[in-house]
Amino acid sequence: MFTVDNIQDIQDMARGAVLLGTGGGGDPYVGELFVAEQIKRGNYPTVVSCDEIADDAFVVSIAGIGAPTVIVEHLVSERSLRELLGRTEKFYGRKIDALISAEIGGANSMFPLALSAISGVPVLDADGIGRAVPQLEMTTFSIYGARATPSLLMDDSGNVVTIDAVSDAMAEELSRVVAGAMGAMAFMSVYPMSGEQTRRVAVQRTLTHTLEIGRCIREARETSGDIFADLVACLGSRDGRTAKILFDGKIADVVHETRDSWHWGMATIQSLDGSDDECTIEIRNEFIVARVNGKTVTVVPDLVTILDRESGEPLTAEMLAYGQRVKVLGYAADPMLRLPDSLKVLGPRCFGVDEDFRPIETL
C-alpha cells in the first residue's frame, strides 16, 4: 500500500498513462489537475495491491466514457463523483471496498484516483487491460469471466441510467448510445467484482507502472540523460517485456476523421536521415499498427506509442500534427493480452487489420 501525497507523482503517473494509452484513452491532464488540487487540500489517494483485499471485497471500476476530444475539455466534478459512488452503493446495497481502473491508459487512470482522494476508498494497483482499448468488452475483466453490467452511467446534470445487458459487447453498444445522449461524456461504475475475482482477471501492478514510466522520462530530462535509452530499459525491466524504438523522424502527413463514433486516422512519418524510409501508423482511437516501408513492426495488442523527439513526452493521437519530430516506440503487451482467448477479442482483425498477431520480438 502507498499514498499518493505529492503532485510530482501524479504528474509522473499521468505521463505514464499517456504512454500506455497508445494514442487513445483521452489525455489525463484534466484528471491530473483535479487530483493535484485534492492533494493541496490534504486529500490523498491510496493505492493497494490486489493481494491486500479480502476475497469477498466489493470492487467496481469507475471510468469515463465518451469521445476523447470531449473528455479532455470536460472538467471533473467532485459532486458528480461523490454522487456516482453513493448511487452505486445504493444500487448494489453494499459498501464499495476498492476501486479499479477499467484501463490504465489515458484519462481513465486518473478518475479512480480522483474518487479515492475525496472518498477515502482505495484504488487497486491493477486494471482491465494494461493499455487503452476502445470498447468495454476488450478487457481482461470481460475476457476472463467478469461481467461489465449491471452498470450505472451518470452525467453532471444528475441523470442516471442503469444498464443490464446480455453481453459485454451489447453493454458497449448501449453505453455509447447513452453517453451520446449525455453530451458525449459520462461517468460510469462498471464491472462489479469480488476481491478474489479481481485477482484472477486484472492486469497487475499497472498504476505503479505508470509512475515508473513517467518518473523515468522526467528524471532523464532533468539529468540530461538519454531519455529513450533509459525508457527502453525501464519498460524492459517489467517482466522482461520487449521495448524498442521503431522509427525516428518527422510527421509528413496526418489525417484525422470521426466516423461511426470512432477517431480514425493515419500518421505518416518520414526519416530524418535523408533516406526514403517511411513509417505509417494506423489509428482507431489508439495506435493499432506501425509499419516501416510497408512492413509491420508492431501490431495490437502490443503497444505502439509516439513520443516527442526532444522531450520524450508521449503524445495522444489528437496531438499529432504536421512537422512534429517524433520517435515511435513499440512495447510488448502484458502476457495476459497475448493468450489465445485474449487474441480472439484483442487481435488485429478485431480492429480491422487484415493480418494475424505477431509479437514485437519476432517482427
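The values are calculated or read from the model by the stated rules, or taken from the named source; none is laboratory data. Model, not experiment: these values are computed from the prediction. All Cβ positions, even for glycine, are placed from backbone atoms using ideal geometry, and neighbour counts span all protein chains on display.
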- [ ] Please state which of the following conditions Thr162 fails to meet, knowing it meets all the rest: (1) modelled with pLDDT of 95 or more; (2) in contact with a Leu (Cβ under 6 Å, 6 or more places away or on another chain); (3) under 26 Å from Val289 (Cβ atoms).
- [x] (3)
- [ ] Answer yes if at least one residue in region 120-140 is modelled with pLDDT under 95, in a helix (DSSP H, G or I) and of a type in the set (Val, Ile, Thr), and no otherwise.
- [x] no
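In region 181-196, which residue that is under 19 Å from Asp127 (Cα atoms) and small (Gly, Ala, Ser) is nearest to the chain's Cα centre (by Cα)?
Checking each candidate, the answer is Ser189.
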Open item on the list: Being farther than 27 Å from Pro301 by Cβ and not assigned by TED's automatic domain parsing to the domain that holds Thr305 narrows it down to one residue among Glu32, Glu52; which is it?
Closed with: Glu52
Open item on the list: Which numbered condition in (1) at pLDDT 95 or above; (2) surrounded by 13 or more Cβ atoms within 10 Å (Cβ to Cβ); (3) within 22 Å of the chain's Cα centre (by Cα) is the only one that Asp341 fails?
Closed with: (2)
Open item on the list: Based on this model, can you work out whether Leu320 counts as under 15 Å from Phe247 (Cα atoms), surrounded by 19 or more Cβ atoms within 10 Å (Cβ to Cβ) and not assigned by TED's automatic domain parsing to the domain that holds Gly130?
Closed with: no
- [ ] Sort through Gly330, Gly352 and tell me the only one that's touching a residue at least 40 places away in the same chain (Cβ under 8 Å) and closer than 25 Å to Gln204 by Cα.
- [x] Gly330
Task: Filtered residues of region 181-195 (kept if part of a helix (DSSP H, G or I) and in contact (Cβ under 8 Å) with a residue 60 or more places away in the chain) - done: Gly195
Open item on the list: I'd like to check which strands (runs of 3 or more DSSP E) are fully inside region 1-104 and have at least 3 residues that are farther than 27 Å from Ala332 by Cβ and touching a strand residue (DSSP E or B) at 6+ places or on another chain (Cβ under 8 Å).
Closed with: 58-66
Open item on the list: Tally up the residues in region 35-49 that are out of contact with any helix residue (DSSP H, G or I) (no Cβ under 6 Å at 6 or more places or on another chain) and either among the small types (Gly, Ala, Ser) or within 27 Å of Thr298 (Cβ to Cβ) (or both), please.
Closed with: 2
TODO: Examine region 102-118 for a residue that is in contact with a Leu (Cβ under 6 Å, 6 or more places away or on another chain), of a type in the set (Asp, Glu), in the same structural domain as Val18 (by TED's automatic domain parsing) and buried (at least 21 other Cβ atoms within 10 Å of the Cβ), and state whether such a residue exists.
DONE: no
Open item on the list: The conditions are (1) under 30 Å from Met336 (Cα atoms); (2) in contact with a helix residue (DSSP H, G or I) (Cβ under 9 Å, 6 or more places away or on another chain), and Gly294 fails exactly one of them. Which is it?
Closed with: (2)
TODO: Would you check if Ala171 is hydrophobic (A, V, I, L, M, F, W, C), within 22 Å of the chain's Cα centre (by Cα) and closer than 21 Å to Gly128 by Cα?
DONE: yes
Task: Matching entry among Val178, Val161 (being over 15 Å from the mean Cα position of the chain (by Cα), assigned to a strand (DSSP E or B) and free of Cβ contacts under 8 Å to residues at least 60 places away in the same chain) - done: Val161
Task: Given (1) closer than 17 Å to Arg325 by Cβ; (2) buried (at least 22 other Cβ atoms within 10 Å of the Cβ), index of the condition Thr298 fails - done: (1)
Open item on the list: If I ask for residues that are crowded, with 24+ Cβ neighbours inside 10 Å, closer than 22 Å to His263 by Cα and of a type in the set (A, V, I, L, M, F, W, C), which ones from region 9-33 would you list?
Closed with: Ala14, Ala17, Val18, Leu19, Leu20
Task: All positions within region 222-240 that are closer than 29 Å to Pro112 by Cα and either of a type in the set (Ser, Thr, Tyr) or exposed (fewer than 15 other Cβ atoms within 10 Å of the Cβ) (or both) - done: Ala233, Ser237, Asp239, Gly240
TODO: For region 35-53, name all the residues that are exposed (fewer than 15 other Cβ atoms within 10 Å of the Cβ) and without any contact (Cβ under 8 Å) to a residue 12 or more places away in the chain.
DONE: Arg41, Gly42
